[in-house]
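Read the figures in this text as sums done on the coordinates, not as results from a lab. What you see is a predicted model; the values in this text were computed from it and never measured. Here the Cβ positions follow ideal geometry from the backbone for every residue, glycine too, while neighbour counts run over all protein chains shown.
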Amino acid sequence: MNRVAAYRIFRIVWMALKFYLQITLFRKRHQGSWDPLTMDQWNRLVTGQAKEYKKLAQQLGGLLIKVGQFLSTRADIMPPTFLAELEGLTDRVPSISRGKIVDVIETEWNAPYTQYLMSLADEVTASASIGEVYKGVLKDGSEVAIKVQRPGTEHIIHADFQAFAFIMWFFRKFTPLSRKADLPALYREMVRTIGNELDFKEELKSGRSFADRFGTMPGIRIPNYYEELSTRKVLVMEWIEGSRITDTAFIEKNGLNRQILAERLFLLFLEQVLNGGEFHADPHGGNILISPDGTITLIDFGMTGVITQTDAQAGLRIAEGIIFKNYDQVLDALEELGFLLPNAERPVLKEAISRTVKMYESSELFKMDSLMLQQLLEDLQELVLNQPVQLPAEFAFFGRAASTFVGVLYVLDPNVDLLGLARPRVLEWANSQEAGGRIFGREDVVRWVLNTTGPIRSLPQKVADILEEPERYRHYMERRDELDREWQRILQTRAFAGSFGLLSFASLSAAVWFEHEAVIWVSGVFLLGSLWTFRTVD
């Protein structure tokens with residue numbers, strides 16, 4: 001391992017461990033006292049961490065950019081200030097010199113670029129963490145977009161994967177996070193998804209697959225690819241004139257209907273989910289172009305994921321279970337998808353789902369003030385933390401894609417009705433599924449059930465809830481107090497072991513850097529001792 005790789009690994013690992021220690025100590029100090037002042041302090045802490053992360057990501061590039069892109073789309077779990085700090089990492093990365101790009105092209109083509117191109121633009125069109133795009137003109141006059149991998153990207157990504165492998169190992173061995181997610185599987189999915197971006201041949205295959213599936217949809221366009229000029233590090237595709245889908249000024253200038261565009265774009269994403277197969281895992285505004293005539297072009301298929309037909313049907317069973325209040329069916333489907341581990345307390349989870357559905361049906365969810373809604377979110381967060389609920393690795397990038405895509409839709413049309421757009425297509429898809437009657441098949445049956453039996457179905461449960469509420473509350477408070485005491489004890493011990501471990505790790509890293517054998521042994525022993533203490537506290 002050269003010194004550049006060692007430096008990258010040290011900086012990434014050190015930042016991750018420091019962030020973990022800061023969060024652990026903050027939660028220890030404010031255990032049970034999450035008032036508005038504490039929330040303000042928490043926001044300042046994570047915002048400071050976001051600034052530090054962004055600064056390092058801009059300095060090092062590589063995988064940090066991709067992880068930052070993931071975090072910048074998680075509006076469900078990150079404060080707005082955190083999102084604002086990382087937003088610039090989405091697709092605004094400083095470009096490198098044109099001469100270095102030409103070197104890569106000519107190495108891959110094993111010939112001067114003028115042998116195939118009539119011209120190559122002097123300025124870069126787009127610059128991302130892995131590749132840069134230039135406009136070119138082929139000998140036959142065809143305008144093309146040429147995507148070229150940044151020099152040295154493979155070595156950088158390899159070193160970063162080593163750093164994140166250690167971070168995943170640390171969290172799996174020494175933190176409760178290992179009970180919430182299959183970290184090895186998540187790491188493998190990250191390697192597969194991001195690793196495929198390093199091979200432009202894979203992107204070409206995905207682009208052609210999308211063209212076969214969606215190329216005939218009205219108002220949708222997928223660019224053509226030039227396979228004879230495409231290699232692992234150079235990708236040549238049709239040049240498409242257009243602007244970002246989020247460029248509302250361009251849309252207004254050309255007199256396009258934003259509601260129609262939002263509907264068309266939503267159905268394109270929905271079809272990727274319902275029909276199974278690959279889905280676009282990076283659908284930000286820069287990867288969705290709009291032409292003056294309103295045609296939507298989807299580009300950049302370097303990052304894709306897969307939704308199977310079985311996964312789609314399990315999702316429909318969840319919807320059916322919620323409609324008919326069959327929460328055992330909901331939990332079975334969640335377990336089938338991998339979100340729910342077998343040792344979960346199903347009665348507790350059923351109760352949480354039931355409460356949420358009832359509040360939604362009675363519109364109480366929309367009448368809550370901010371404090372009540374905050375308490376509900378905290379209760380749900382505690383439920384997730386204390387139950388074996390996980391995010392399956394194969395859905396990690398789907399969640400990122402969905403949140404990114406929804407953000408694009410709301411920029412395009414702030415009043416878009418996602419449920420209204422989805423309902424007819426989902427019902428049509430449900431009718432086409434021959435599942436032996438397991439899934440409802442006719443829209444009139446669903447409508448009759450929803451419109452006529454809602455009050456009847458909810459009345460017995462409301463009576464039962466009133467009778468059982470005092471006992472449920474007593475058990476909830478007893479369990480909460482017990483968990484608070486145990487968690488405080490674990491935090492105190494782990495904070496000390498974590499602090500000592502960080503110092504040992506820093507000493508060990510410096511000793512490796514300067515090749516001081518004696519200090520390596522001493523620091524290594526102290527680090528192992530700290531990790532062992534951290535691991536055995538339970």
Between residue 241 and residue 139, what's the calculated FRET efficiency when r is the beta-carbon distance and R0 is 30 Å? Round to 0.05. 0.90
Here the gain from full extension of residue 59 to residue 107, 0.36 nm per residue of separation minus their alpha-carbon distance, amounts to 14.6 nm
Post the alpha-carbon centroid distance, the range 268-316 to the range 126-155, in whole angstrom. 23 Å
Under a 5 Å amide H to amide H cut-off, with H placed in plane at 1.01 Å, what residues pair with residue 306 once short-range neighbours are removed? 279
Between residue 403 and residue 355, what is 0.36 nm times their sequence separation minus the Cα-Cα distance? Round to one decimal in nm. 14.8 nm
Residue 27-residue 260 pseudo-label distance in nm [points 7 Å out on the Cα-to-Cβ vector]: 5.1 nm
Would you order 310, 125, 193, 304 from fewest to most other beta-carbon atoms within 10 Å of each residue's own beta-carbon? 310, 125, 193, 304
Sort 212, 103, 199 so that the residue with the fewest other Cβ atoms within 10 Å of its own Cβ comes first and the one with the most comes last. 212, 103, 199
Which GluC sites (Glu not before Pro) does the range 153-244 hold that lie in a coil by DSSP with at most 11 other beta carbons within 10 Å? 241
Tell me, what is the FRET efficiency for residue 169 and residue 345 to the nearest 0.05, using R0 = 30 angstrom and their Cβ-Cβ distance as r? 0.55
Length gained, residue 309-residue 270, 0.36 nm per residue minus C-alpha separation, equals 12.7 nm
Ascending count of other beta-carbon atoms within 10 Å, so fewest first, for 95, 129, 119: 119, 95, 129
To the nearest 0.05, the calculated FRET efficiency linking residue 432 and residue 217 through their beta-carbon distance, R0 being 22 Å, is 0.80
For the residue pair residue 44 and residue 329, what label-to-label distance in nm results when each label sits 7 Å from Cα along the Cα-to-beta-carbon direction? 5.1 nm
